[in-house]
Structures are given as structure tokens and as C-alpha cells.
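What follows is a single structure, written as C-alpha cells, with notes after it.
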Amino acid sequence: MPNADHDKVRPRAGDGSSTGVERYRLIKAAFEHVQQSILNGHHLEAITVLESILTDRLGSMVGALGRKVTLRHTLGDLVKLAKQGPLITQFKQAERIPAHHASLPDDVMGFLTGELSDWWRMRNDAVHAMAKLHHVGDATFEERCAKLSTAALEGVRVLLQLDAYDQREKSKNRAVPSATHPDALRLASDIKKLIELSAEPTR
């Protein structure tokens with residue numbers, strides 16, 4: 001039996017309900033789990049939860065464009081919606097779009113189609129390609145596992161950058177604060193060091 005909940009529109013905060021508080025608590029707990037999973041060497045689990053957080057945060061940004069965002073949308077789907085720009089109805093002139101329906105800035109779009117999309121492909125390889133042989137002499141399972149650490153740490157970095165853009169745009173448009181405010185994505189010192197080490201050039 002299909003899960004009809006997937007077609008449900010993503011709940012939005014700011015309507016007087018507890019949606020914002022519940023989302024903040026969920027994201028905070030999820031990000032703490034991500035960091036602990038990385039420290040424990042459970043990188044595939046970290047990548048999966050990171051994808052969920054990233055999808056929620058990008059869903060918020062795309063929803064602000066007036067686009068319908070459901071729980072079924074993947075990260076890749078949301079990038080495509082973002083590229084379509086704000087939803088303009090036949091009753092509105094382009095020059096009269098309210099601020100919260102403004103297009104995403106060029107730096108944000110460059111990030112979505114660049115770094116975020118690159119990580120999405122890393123995620124797909126991690127989730128779907130671990131046991132698929134593409135050619136003779138392909139990477140071993142151990143070699144593929146070794147790359148998962150890089151994908152997990154890059155996912156954390158990408159999430160923090162997306163959140164920075166999200167918070168900036170919400171502040172600029174005088175929207176309600178991001179669900180990650182003030183500290184749902186607090187970075188542990190151990191993870192910060194690992195990210196810094198992963199970014200250092202190999203010698």
C-alpha cells in the first residue's frame with residue numbers, strides 16, 4: 001500500500017502552531033545524530049540523515065518561492081524547482097512579486113547547481129553504488145567505504161553553507177527565523193577539525 005503521506009504538503013511554520021518548535025527540535029536531534037555517527041564511523045547513516053536535513057532546509061527555501069513542496073520531493077527535485085524561479089500566477093505582474101517570492105540570488109543558485117548538486121551525486125553513489133560493479137578493475141568495497149567519510153564530512157559542510165544562505169535570505173526578506181535558529185546546527189569541535197583536515201590538500 002503506497003504511503004499517501006508522501007504527497008502531503010510540507011508543513012510550514014508561522015501559522016501560530018508548534019510547527020517551528022517541533023521542526024527545530026527534530027533538526028537539532030538529527031544533526032547531533034549525524035555528528036555522532038561520523039565519530040563512530042557510521043558514515044552511510046550520517047549521509048542518509050544529512051540528506052533528510054538538507055531536503056527539509058531546501059524545501060523551506062523553495063517554498064518561499066511560492067512553489068508547492070511535498071514530503072515526496074527529493075533533494076534533486078527541489079534543485080530543479082529552485083531553478084524554475086518564483087511561481088508567478090496570472091493575477092500578478094512580474095514587477096509586483098512580493099519580496100518573499102523573489103528569485104534566489106545568483107550566489108545561492110550557483111551553490112545549489114554546483115556544490116549541493118555535486119554532493120547529491122556523492123550521496124547517490126554512497127546509497128546506490130556500494131555493491132554495483134561498473135567495469136573490470138572497479139573500486140573494491142573497502143575503497144568505496146573509505147570514500148564515505150569524505151561524503152559525510154562534505155555533507156556537513158554543504159548543510160552549514162545552505163543554512164547560512166537560508167538564514168541570510170530570511171533575514172533580508174523579514175521572514176520568520178529559520179527552523180535551525182539559534183543552534184540546531186551547532187558544530188562539535190571534533191567534527192570541525194575533521195572537516196578542516198579533509199579540506200587540506202594532499203601532499
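The values are calculated or read from the model by the stated rules, or taken from the named source; none is laboratory data. What you see is a predicted model; the values in this text were computed from it and never measured. So basically every Cβ, Gly included, is an ideal-geometry build from the backbone, and we count neighbours across all protein chains shown.
A compact table of results
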{"read-out": "Close pairs from segment 20-37: first among the polar types (S, T, N, Q), partner at pLDDT 95 or above, Cβ under 6 Å, at least 6 apart", "value": "35/188; 35/191; 37/45; 37/46"}
{"read-out": "Count of residues meeting criterion [loosely packed, with under 15 Cβ neighbours inside 10 Å and of a type in the set (Lys, Arg)] in segment 100-135", "value": "2"}
{"read-out": "Qualifying positions in segment 125-157 - within 17 Å of residue 31 (Cα to Cα) and at pLDDT below 90", "value": "none"}
{"read-out": "Number of the exception - residue 123 against (1) out of contact with any Asp or Glu (no Cβ under 8 Å at 6 or more places or on another chain); (2) of a type in the set (D, E, K, R); (3) under 30 Å from residue 21 (Cβ atoms)", "value": "(1)"}
{"read-out": "Where a residue in segment 142-158 is over 24 Å from residue 185 (Cα atoms) and its partner, wherever it lies, is surrounded by fewer than 20 Cβ atoms within 10 Å (Cβ to Cβ), with Cβ under 7 Å and at least six apart", "value": "144/130"}
{"read-out": "Yes/no for residue 12 being surrounded by 12 or more Cβ atoms within 10 Å (Cβ to Cβ) and at pLDDT 90 or above", "value": "no"}
{"read-out": "Evaluation of residue 185 against (1) closer than 21 Å to residue 51 by Cα; (2) surrounded by fewer than 18 Cβ atoms within 10 Å (Cβ to Cβ); (3) of a type outside the set (Ser, Thr, Tyr) (one fails), failing number", "value": "(2)"}
{"read-out": "Filtered residue count, segment 50-71, keeping only those that are assigned to a helix (DSSP H, G or I) and buried (at least 17 other Cβ atoms within 10 Å of the Cβ)", "value": "13"}
{"read-out": "The lone exception for residue 170 - which of (1) closer than 25 Å to residue 126 by Cβ; (2) surrounded by 17 or more Cβ atoms within 10 Å (Cβ to Cβ) it fails", "value": "(1)"}
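Yes/no per residue for (1) more than 22 Å from residue 170 (Cβ to Cβ); (2) modelled with pLDDT under 85:
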residue: 7; (1), (2): yes, yes
residue: 18; (1), (2): no, no
residue: 22; (1), (2): no, no
residue: 26; (1), (2): no, no
residue: 48; (1), (2): yes, no
residue: 57; (1), (2): no, no
residue: 89; (1), (2): yes, yes
residue: 99; (1), (2): no, yes
residue: 109; (1), (2): no, no
